[in-house]
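These notes concern the structure reproduced below.
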Amino acid sequence: MFLATLAMVWISLQDFPESVKWWSRWCLMLYGIFAGFIVWQHGLSYNRLIQDVPTSEIATAAQGYVELCGKATQFEDQKGQGSSSLPILWIRKELSARTDISDTRAFPFNLFYTPVAVEESQTPFAIVDKTGTACILPNGADVIVSRKHVRYHDNQRITEETILPGDELYVVGTLSSHTSTFPYEEKLERLLNSWDRDPVASAKFDQNRDGRLSPNEWREMHLHAQMTVAREQNEFADTGQRHLVYCPSDGRRFVISTLSPEKLAGHYFFNMAIGLMLFIACLSVFAAMTLSRLT
């Protein structure tokens, strides 16, 4: 919208026919109406989303579209490294450039940076609350973070937005949970076979040291193997429930943010207000121009 306004001003200063200047202003207002409506509708939909979807806890959340609040954490063995040598869970890097400021022919466009490349990580990370942990697949999400680092080099601007472990995290998306079954019998049989083939392991149960396991010694080894596998099963029970949060397939919004729900709602309300004011202002000017042209 800003660049279109500059183009309209440039046309107005040139020796073009008055009809060309009028049509440029008319097109600008029409574009402003469209842009204002899109910005307003975008802010309204996200603002209503935050207000309408209730907050759930990971362990007790219903399957489907949910809102979660917790802290960011690594997903299993995830490892990330940023330019500041800090571990990161998610990063978006934007490279913006401008022409040399001394180039007067490019004025006023050489005063502003234009994005030329954006890189956004898609590595899964996790959200944890007091009830459990859920893996997040960030692909397709609208990510809004509070941590932003900007640096300049020559006529380039590099902006990095990051999510670090321990950051407050707000997520709205589709939750899917599944429980893995523990292969008790398979693990027990595998452990017994390994002990039976290992002379050192089986010798621990050979109480009379005759080089063979009696029925009582075999039962002792079997009981010990059952206790070992049972401990593994108890440890597995703590991590057997897996939760996954990802982009809804039905077109609904997917939001990841380090802002609180209240601040995020205020962010979208501001966008909604800007879009509405732009829509009303451009519509009013558009209507006045059209009526004056008709009369």
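The values are calculated or read from the model by the stated rules, or taken from the named source; none is laboratory data. Fair warning: this is a prediction, and the values are worked out from it, not measured in the lab. Every residue, glycine among them, receives a Cβ derived from its backbone with ideal geometry; neighbour counts consider all protein chains shown. SASA here: full protein model, heavy atoms, side chains in, ligands and nucleic acids out. Shrake-Rupley method; radii C 1.70, N 1.55, O 1.52, S 1.80 Å.
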Legend entry - Cβ pairs under 7 Å, 6+ apart, first in the stretch 277-295 and closer than 14 Å to TRP23 by Cβ and among the aromatic types (Phe, Trp, Tyr), second in a helix (DSSP H, G or I) and open to solvent by 70 Å² or more (accessible area, probe 1.4 Å): PHE286/LEU30
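Can you find, within the stretch 82-106, the residue that is modelled with the lowest pLDDT among those that are over 17 Å from ARG151 (Cβ atoms), in a loop (DSSP other than H, G, I, E, B) and out of contact with any helix residue (DSSP H, G or I) (no Cβ under 7 Å at 6 or more places or on another chain)?
Here is the first cut: in the stretch 82-106, the residues over 17 Å from ARG151 (Cβ atoms) are 87, 89-90, 99-106.
Add one more test, that the residue is in a loop (DSSP other than H, G, I, E, B), and what stays is 87, 89, 99-103.
So of that shortlist, the ones also out of contact with any helix residue (DSSP H, G or I) (no Cβ under 7 Å at 6 or more places or on another chain) come out as 87, 89, 102.
Numbers: PRO87: 77, LEU89: 92, SER102: 65.
So, considering only residues that are over 17 Å from ARG151 (Cβ atoms), in a loop (DSSP other than H, G, I, E, B) and out of contact with any helix residue (DSSP H, G or I) (no Cβ under 7 Å at 6 or more places or on another chain), the one modelled with the lowest pLDDT is SER102.
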Legend entry - Filtered residue count, the stretch 248-289, keeping only those that are in a helix (DSSP H, G or I) and either surrounded by 13 or more Cβ atoms within 10 Å (Cβ to Cβ) or in contact with a Phe, Trp or Tyr (Cβ under 7 Å, 6 or more places away or on another chain) (or both): 24
Legend entry - So ALA4, is it open to solvent by less than 50 Å² (accessible area, probe 1.4 Å), at pLDDT below 75 and either at negative phi or part of a strand (DSSP E or B) (or both): yes
Inset, instruction - Check the stretch 63-74 and report whether any residue there is open to solvent by 40 Å² or more (accessible area, probe 1.4 Å), modelled with pLDDT of 65 or more and farther than 30 Å from THR174 by Cα. - result: no
